[in-house]
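Everything on this sheet refers to the single structure shown next.
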Amino acid sequence: MTFASMAGLYIHIPFCRKACHYCNFHFSTQLKNIAPLVDALCDEIASEAPNFPHPLQTIYFGGGSPSLLSSSQIAQIFAAIQTNFQVAMVEEITLEANPEDMTLDALSHWKSLGINRLSVGIQSLNNSELQWMNRAHSAEQAIQSLELAQSIGFHNFSLDLIYGSAKKTLAQWKLELDWVKSVGVNHLSCYALTIEENTPFGKWAKLDQGLTPTDEHAEEQFHYLTQWAHQNEWDHYEISNLCKPRHQAIHNSNYWSGKPYLGIGPSAHSYSGTKRRWNVGNNALYIQGIINGAPNFTEEILSKINIVNEFLLTNLRLTRGVNLHKINLLFPGFTELKRPVIEKLIKKSLLTERDGHWIIPSAARFLTDAITVDLMIEEEQTP
């Protein structure tokens, strides 16, 4: 897969110590298979490098739980990256880390490799909620892990928090955000709990075990998050992401800006601007394909409609909104085609036009997904 330009490199580590009850991402708890998969990752890096001639700006280790790899395994992946890609211009190297893995030795090694940003999966500071989610750490571990990382020189953090669960009250949510304010963190990723069908929560929800939160419950906590960000001068720059000024995540911001990226590992996605590719979401098939020199992936050539819908999907989630000039360049006649929908949304205060952009007002941002669907183009529609 050849890219004309490349902003980032994503490495997917599909292993976890425990299966969180809400998670539907691709992962495995069979940790005995880590070593052969790391070898396969390094082989895929080497095979993709000739099609990737541009300097890297960002590197992101996601999962799964990249932090459970041994120091030598992370170093092995770094060596493959440095051997095969131009890394002199890298600005941001992020590792997703869980509190139970953030030991002094691990943190020191990550820092020595050049990792300069940690995305820490805290999710909650309530032990009852953490146990209900089947998380492997406690609230105390979460707090201590952050303090330890700061003590050895990590200062660029993002914390993952979940809101809107049946176990989280508004009072608890306020306490968690107050704690964030007190500990010097500069970035948050906050997600409303969703009950996915093929997860333990999804199976239990079918038995009516009181798991499914109401939309009103999640919306109340989302609006408090928006209020908290405004009061504390944080930039709520993407619907699920907030930061102190000048601390936006470079890697993810490049995704949302439509810049190309390369994904390495099982189920990892790549995007070139005109094509999308995703690796097989099965560890054994992924490893075997790499060993056989026949990587197992699916590739899609994006139609004009695919491209404009992707542009809407990412940009409506951003505070800056959709650039009207650009969307009409991508799909000439878009504004006229969707004018009845646009006027309806504006009349309902679900969309506003400002400085050449369509923007979802703060009060309506919780409804972003539904608004986006209304604006998307169906295959049979033409300008």
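Other residues lying with their Cβ under 15 Å from the Cβ of Asn292 contribute a combined charge of -3, Lys and Arg counting +1, Asp and Glu -1.
Cα gyration tensor of the range 46-182, axes a ≥ b ≥ c as square roots of the eigenvalues: rounded (a/c below 1.5), prolate (a/b > b/c) or oblate?
prolate
So if I average 1/r over every pair of distinct C-alpha atoms in the range 121-168 and take the inverse, what Kirkwood radius in Å does that give? It would help to have the intermediate numbers written out before the result.
Numbers: mean 1/r = 0.0871 Å⁻¹.
Computed over the range 121-168, the radius equals 11.5 Å.
Across the range 127-201, the convex hull enclosing all Cα atoms gives 102 Å³ per residue. Ordered by the number of other Cβ atoms lying within 10 Å of each residue's own Cβ, fewest first, Arg276, Arg320, Arg135, Arg354 fall into the sequence Arg354, Arg320, Arg276, Arg135. Along the axis of the charge dipole computed for the chain (Cβ charges of +1 for Lys and Arg, -1 for Asp and Glu, origin at the Cα centre), the listed residues Leu367, Ala46, Ser270 are led at the positive end by Leu367. A simple charge model with +1 on the Cβ of Lys and Arg, -1 on the Cβ of Asp and Glu and nothing else charged puts the dipole of the range 1-123 at about 220 debye relative to its Cα centre. Here the label points at Asn323 and Glu233, each 7 Å from Cα along the C-beta direction, are separated by 2.9 nm in the simple model.
The string of couplings for the range 31-44 from the Karplus curve (6.51, -1.76, 1.60, θ = phi - 60°) is 5, 5, 8, 5, 4, x, 6, 4, 4, 5, 4, 5, 5, 5 Hz, one whole number per residue in order, with x for Gly and Pro.
Rounded to whole Å, give me the distance from the Cα center of the range 252-320 to that of the range 29-103. Rounded to whole Å, the Cα centres lie 17 Å apart. Fewest neighbouring Cβ atoms within 10 Å first, the residues Ile13, Ile162 line up as Ile162, Ile13.
Note that the range 304-375 shows a convex hull volume over its alpha carbon atoms of 76 Å³ per residue. For the chain, taking the reciprocal of the average inverse distance between every pair of different Cα atoms yields a Kirkwood hydrodynamic radius of 22.2 Å.
Once you sort the root eigenvalues of the Cα gyration tensor of the range 52-132 as a ≥ b ≥ c, which label holds: rounded (a/c under 1.5), prolate (a/b larger than b/c) or oblate (the other case)? Taking the square roots of the gyration eigenvalues as a ≥ b ≥ c, the range 52-132 is prolate. Placing unit charges on each Cβ (+1 for Lys and Arg, -1 for Asp and Glu) gives the range 14-136 a dipole about its Cα centre, and among Gln86, Ala75, Ser65 the Cα reaching farthest toward its positive end belongs to Ser65. Summarising the label geometry, the points placed 7 Å from Cα in the beta-carbon direction at Glu219 and Asn51 lie 4.4 nm from one another.
Cysteines of the chain lacking any other cysteine Cβ under 4.7 Å from their own Cβ: Cys16, Cys42, Cys190, Cys243.
Taking the Cα centre of the chain as origin and assigning +1 to Lys and Arg Cβ atoms and -1 to Asp and Glu Cβ atoms, the resulting dipole is close to 300 debye.
Taking every DSSP beta bridge that has both residues in the chain, what percent is antiparallel when rounded to the nearest 5?
Details: 20 of 49 bridges.
Rounded to the nearest five, the antiparallel share is 40 percent.
Return the loop-located GluC sites (Glu not before Pro) in the range 281-383 (DSSP other than H, G, I, E, B) with at most 13 other Cβ atoms within 10 Å of their own Cβ; answer none if there are none. Kindly include the intermediate steps, with their values, before the conclusion.
Values: sites: Glu299, Glu300, Glu310, Glu336, Glu343, Glu353, Glu378, Glu379, Glu380; in loops: Glu378, Glu379, Glu380.
For GluC sites (Glu not before Pro) across the range 281-383 that sit outside H, G, I, E and B with at most 13 neighbouring Cβ atoms in 10 Å, the list reads Glu378, Glu379, Glu380.
For Cys190, Cys42, Cys23, which order do you get if you count the other beta carbons within 10 Å of each Cβ and list the fewest first? Numbers along the way, then the final one.
Working: Cys190 24, Cys42 21, Cys23 17.
Lowest to highest Cβ neighbour count: Cys23, Cys42, Cys190.
Translational diffusion of the range 219-318 was estimated from the Stokes-Einstein equation, with Rh taken as the Kirkwood radius over Cα pairs; at 20 °C and 1.002 mPa s the coefficient is 134 µm²/s.
Proximity of backbone amide H atoms, modeled 1.01 Å from N, is registered between Tyr237 and Cys243 at under 5 Å, excluding neighbours fewer than 5 places apart on the same chain. How big is the gap, in Å, between the Cα center of the range 161-231 and the Cα center of the range 326-346? For the range 161-231 versus the range 326-346, the Cα centre distance is 33 Å. Computed from label points 7 Å out along Cα-Cβ, the spacing between Glu300 and Thr169 is 4.4 nm. In the structure shown, do any of Lys181/Lys259; Lys18/Lys259; Lys174/Lys347; Lys18/Lys167; Lys18/Lys168 have a Cα-Cα gap over 26 Å, and if so which? Beyond 26 Å: Lys181/Lys259; Lys18/Lys259; Lys174/Lys347.
When the helix-only estimate is applied to the chain (DSSP H runs of n ≥ 4, each -39,500 (n - 2.57), divided by the residue count), what is the mean residue ellipticity at 222 nm, nearest 500 deg cm²/dmol?
Numbers: 15 runs with 152 residues, N = 383.
Roughly -11500 deg cm²/dmol at 222 nm, from the helical runs in the chain.
No value in this document is a laboratory result; all are computed from the given coordinates. Source: prediction; values computed, not measured. All Cβ positions, even for glycine, are placed from backbone atoms using ideal geometry, and neighbour counts span all protein chains on display.
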